[in-house]
Ligand code: GDP
C-alpha cells in the first residue's frame, strides 16, 4: 500500500517530529525511512506523518505549530559533534514546552558509522535518556542502521499508549 496516498484507509494516524541541531542528520534520517506504514498484528494499519524542520532550527525559530498534535518526537544529535549533544537539554525543554504532555520522546544519536570520530560515548546518550525518561537509540542514516527500528519503536510505543487509553 502506498504511504503517500491521501485517501487510503488506516486505523491510526500519528504525527512524529524531528528536532535537534542543524547538520545532525534529521533530513537524511527521514529520507532513509521511506516506508511510512507498518502493520500491527497484520490487521491494523498505522500511518505516520513525519515532520522535518527543513532548516528552521538554524534560526532558532521553530514555530510552536510544528509540535502541535505530535504524538512522538525524535530528538537527534550527532555522535561526532559534542556540541549537538550539549544542546539536547535545550531541545528537550523546547519539545516539553510546546508538544502535548503525552508526546513520546526518543533520543537519537546519529552518524554511528563514524565511530572513529565519536565525541559522545554511547553511555552518555543512554544515561541522559534514562535520567529524563526518554527512549534511546543510535542510528546511521548513511548505512540505515537503526533508522527503521527507531521509527518502529516509537510508533509501537505510541500505538500501545493510545490503545491503553481506549481500553
Ligand atoms: P539536518 O540539518 O539535521 O537535516 O542534517 P542533514 O540530514 O542535512 O545531514 C547533514 C550532513 O550530515 C549531510 O552532509 C549528511 O550527508 C550527513 N549525514 C547525515 N546522516 C549521516 C550519517 O548517519 N552518517 C554520516 N556519515 N553522515 C551523515
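Among the residues making up the stretch 54-70, those that are within 16 Å of the ligand (Cβ to nearest atom) and either assigned to a helix (DSSP H, G or I) or at pLDDT 80 or above (or both) are 56, 57, 58, 59, 66. Residues in the stretch 82-114 that are part of a loop (DSSP other than H, G, I, E, B), over 14 Å from residue 138 (Cα atoms) and within 16 Å of the ligand (Cβ to nearest atom): 87 only.
Going residue by residue through the stretch 123-132, is there one that turns out to be assigned to a loop (DSSP other than H, G, I, E, B), more than 16 Å from the ligand (Cβ to nearest atom) and closer than 16 Å to residue 105 by Cβ? Yes: one or more hits. I'm checking my understanding of the structure. Among residues of the stretch 133-158 that are within 11 Å of the ligand (Cβ to nearest atom) and in contact (Cβ under 8 Å) with a residue 60 or more places away in the chain, which one is nearest to the chain's Cα centre (by Cα)? The extreme case among them is 147.
Is there a residue in the stretch 149-165 that is out of contact with any strand residue (DSSP E or B) (no Cβ under 6 Å at 6 or more places or on another chain) and in a loop (DSSP other than H, G, I, E, B)? Scanning the stretch 149-165, I find no residue that is out of contact with any strand residue (DSSP E or B) (no Cβ under 6 Å at 6 or more places or on another chain) and in a loop (DSSP other than H, G, I, E, B), so the answer is no. The residues of the stretch 22-53 that are modelled with pLDDT of 90 or more and surrounded by 21 or more Cβ atoms within 10 Å (Cβ to Cβ), listed by number, are 24, 25, 26, 29.
The values are calculated or read from the model by the stated rules, or taken from the named source; none is laboratory data. For clarity, every value in this text was computed on a predicted model and none was experimentally measured. When we count neighbours, we look across all protein chains shown, and the Cβ atoms used for this are built from the backbone with ideal geometry, even at glycine.
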